[in-house]
Amino acid sequence: MPRLAGAVLALTAILAGGTPIAAEDYPSRPVTLIVPFPAGGGVDTVGRTIAGKLSAALGQQVIVENRPGAGSVIGIRSAAKAAPDGYTILMGTTGASLPANPGYDIVKDFAPIGLIASIPIMVQAHPSAPVNSLTDIVEWAKKEPGRITVGSPPPPTLNYFGAELFKSLTNADVTIVTYKGTGPLTNDLLGGHVMLAFNTVPPAIGNIQAGKIKAIAVAAPQRLAVLPDVPTAAESGVPGLDAVLYYGLLAPAGTPGPIIERLNTELRAIVSSDDFKKRMIADGGGPTASTPQEYAANIAREEGKWSGLVKKLGLKVE
């Protein structure tokens, strides 16, 4: 993906040379933060935390607007069409470039503001599920091929691709059931309507700690500080299952450079604060402050990694 990285970096360089006068009185009215997932999920949780702190930092209300649908495509598409004036920004997540015909180009249509956090995908189970490790899930699938349901938000979410990667690595015959977001998924997992889930941590952390959801493994190289007893995927029997989701803020392409710089400055201060760090770690994430250029490089690297998996497995991402 070198060409993609170069294109994103070139875009941020162009934006950095915008007209200073554009940011002199910014913001003079409320800012809308589009979260392209339903309320109550992991992206929404992080988005609302950032919105609250940005409101205080900017002196204007930052309003969260949930626009779910098609695995984030609908919300991202609407953000791409917004006026590039800094009054509409987007909660970006890894995997946004993977749909075949999304109606936007994540590089050409957006300007990176900065990273917020990284949160790994976690394999979770209903307490009644007869599994305590990923190896147990593989053995269970052998005994009941095609009958075990695994819940996930739809593509292009990393949850879904993590589930597909799991199937590819283990040959486990499980059925992936998709949900509009991690909020509805967590509710169905709690109710036993789906037995397993490739979920994020924030919407499930309280129920995991209460014993209402069983945490099987975290799809990351290291264990989580908030759940130190939950093994990594490698420790649970499936090395190579690595699915870490990155959250960041994006603005429509053409947003003046000084506005991008102002938003990045405030975002980096928020993400670097002790209060935010503690909040994110408690939710199972890792705070990740960055420059716009560093976020651009992250987009190029991660989108390239997962697009490679899509091609390798022959997956169709509508």
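The values are calculated or read from the model by the stated rules, or taken from the named source; none is laboratory data. Owing to the predicted nature of the structure, the values given are computational and were not obtained by experimental measurement. Remember, those area values only see protein heavy atoms, side chains included, never the ligands or the DNA or RNA. Shrake-Rupley method; radii C 1.70, N 1.55, O 1.52, S 1.80 Å.
The residues of the chain expose on average 40 square angstrom of accessible surface per residue, using a 1.4 Å probe on protein heavy atoms. In this structure, the amide hydrogen of Thr32, modeled 1.01 Å from its nitrogen in the peptide plane, lies closer than 5 angstrom to those of Ile63, Thr88, Ile89, counting only residues at least 5 positions away or on a different chain. Mind running the shape call on segment 145-251? Use the C-alpha gyration tensor, a ≥ b ≥ c as the square roots of the eigenvalues: rounded below 1.5 for a/c, prolate if a/b tops b/c, oblate otherwise. Taking the square roots of the gyration eigenvalues as a ≥ b ≥ c, segment 145-251 is rounded.
From the Cα gyration tensor of the chain, with a ≥ b ≥ c the square roots of its eigenvalues, which class applies: rounded if a/c is under 1.5, or else prolate if a/b is larger than b/c, or else oblate? Since a/c reaches 1.5 and a/b is larger than b/c, the shape of the chain is classed as prolate. Note on the chain: with neighbouring protein chains present and a 1.4 Å probe, carbon and sulfur make up 52 percent of its accessible heavy-atom surface.
What is the Cα centroid distance between segment 271-316 and segment 28-63, reported in whole angstrom? With segment 271-316 and segment 28-63 each reduced to a Cα centre, they are spaced 18 Å.
Normalised size of segment 50-174, defined as Cα radius of gyration per 2.2 N^0.38 Å with N residues, equals 1.37. Annotation: amide H of Val150 within the under-5 Å range of Thr175, Ile176, Val177, sequence separation 5 or more or interchain, hydrogens built in the peptide plane.
Within the set Lys143/Lys167; Lys180/Lys316; Lys53/Lys214; Lys214/Lys277; Lys53/Lys212; Lys53/Lys278, which residue pairs have Cα atoms separated by over 23 Å?
Listed pairs above 23 Å: Lys53/Lys214; Lys214/Lys277; Lys53/Lys212.
Pick from Ala204, Ala219, Ala100: which is most flexible by mean-square fluctuation in a GNM of the chain where alpha carbon atoms under 10 Å apart are linked? Residue with maximal mean-square fluctuation among Ala204, Ala219, Ala100: Ala100.
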